[in-house]
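Comments concern the structure below.
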Amino acid sequence: MNWPGLFDRAPTADRAAIDTALSSHRDDGEPTAKDEATDSPTPTEPREPQPTRVVVDADVLVADLLGDSDARTALDVLWQHSWTTLVASDDLLADAEAVIEAVADSGLAADWRAAIETWREPVVHPPGDHPALASAYRGGAMHLLSFDETLTDSQAGAALNQRVSVSVRSPAAFAHLFDPESLYETVDNDPYGGPDREPRGG
């Protein structure tokens, strides 16, 4: 399933419904007996933070699919520059998939998961860690996009920076500050030639 097809099938964005569904899912996220009986994979060794590596929290991933303009703009900026890396753990994608199923349907959720799998770089973190923050820490992401004000306010940012080299911003703030030309200098000596992929909407 391609991105234009997914966007056409998705209902209209409702950020309040997304927040409610995500909060409910994470509050109910106790491990099952099956989960406890299964050996957890070894967590990814934390890597050196890089400014081209980005984590997108589940609320923004779902809002992007549902057509929220701020989320869509921010993720298209990343998509159109293939030298950036979208980092996400299975737990983070599972959160987003569960929310899509709650606010839309299971078929759309499964097809979205298949599409995002081809984009993201996976990392593994211990069970119980915050999926977005842990993905950033393990995956060396210096940027985290979220609508969660408990992560984006200045006090939270100051506390986080004492432990993790990550900047947490809303999608709108990230898109406004993203400077691909100067950032490209960190990955290649050639001049910046502009976006190297078309927007996902076709």
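The values are calculated or read from the model by the stated rules, or taken from the named source; none is laboratory data. Keep in mind it's a predicted model, so treat the numbers as computed, not measured. Reconstructed Cβ throughout: ideal geometry from the backbone, glycine too, with neighbour counts over all protein chains shown.
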Within the range 19-33, of all residues that are under 23 Å from residue 123 (Cβ atoms) and either part of a helix (DSSP H, G or I) or among the polar types (S, T, N, Q) (or both), the one modelled with the lowest pLDDT is 32
Looking across the range 57-76 at residues that are farther than 18 Å from residue 166 by Cβ and not charged (D, E, K, R), the single one that is surrounded by the fewest Cβ atoms within 10 Å (Cβ to Cβ) is 69
| Scanning for something closer than 14 Å to residue 60 by Cα, among the polar types (S, T, N, Q) and under 14 Å from the mean Cα position of the chain (by Cα), does the range 137-149 turn up at least one residue? | yes
By residue number, the members of the range 167-178 that are free of Cβ contacts under 8 Å to residues at least 60 places away in the same chain and not hydroxyl-bearing (Ser, Thr, Tyr) are 168, 169, 173, 176, 177
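Okay, residues lined up against (1) among the polar types (S, T, N, Q); (2) modelled with pLDDT of 95 or more:
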position	(1), (2)
106	yes, yes
111	no, yes
117	no, yes
140	no, yes
147	no, yes
154	yes, no
Counting only residues in the range 156-199 that are among the aliphatic types (A, V, I, L, M) and modelled with pLDDT under 90, the one nearest to residue 53 (Cα to Cα) is identified as 164
By residue number, the members of the range 179-195 that are touching a helix residue (DSSP H, G or I) at 6+ places or on another chain (Cβ under 9 Å) and either free of Cβ contacts under 8 Å to residues at least 40 places away in the same chain or in a loop (DSSP other than H, G, I, E, B) (or both) are 190, 191, 192, 193, 194, 195
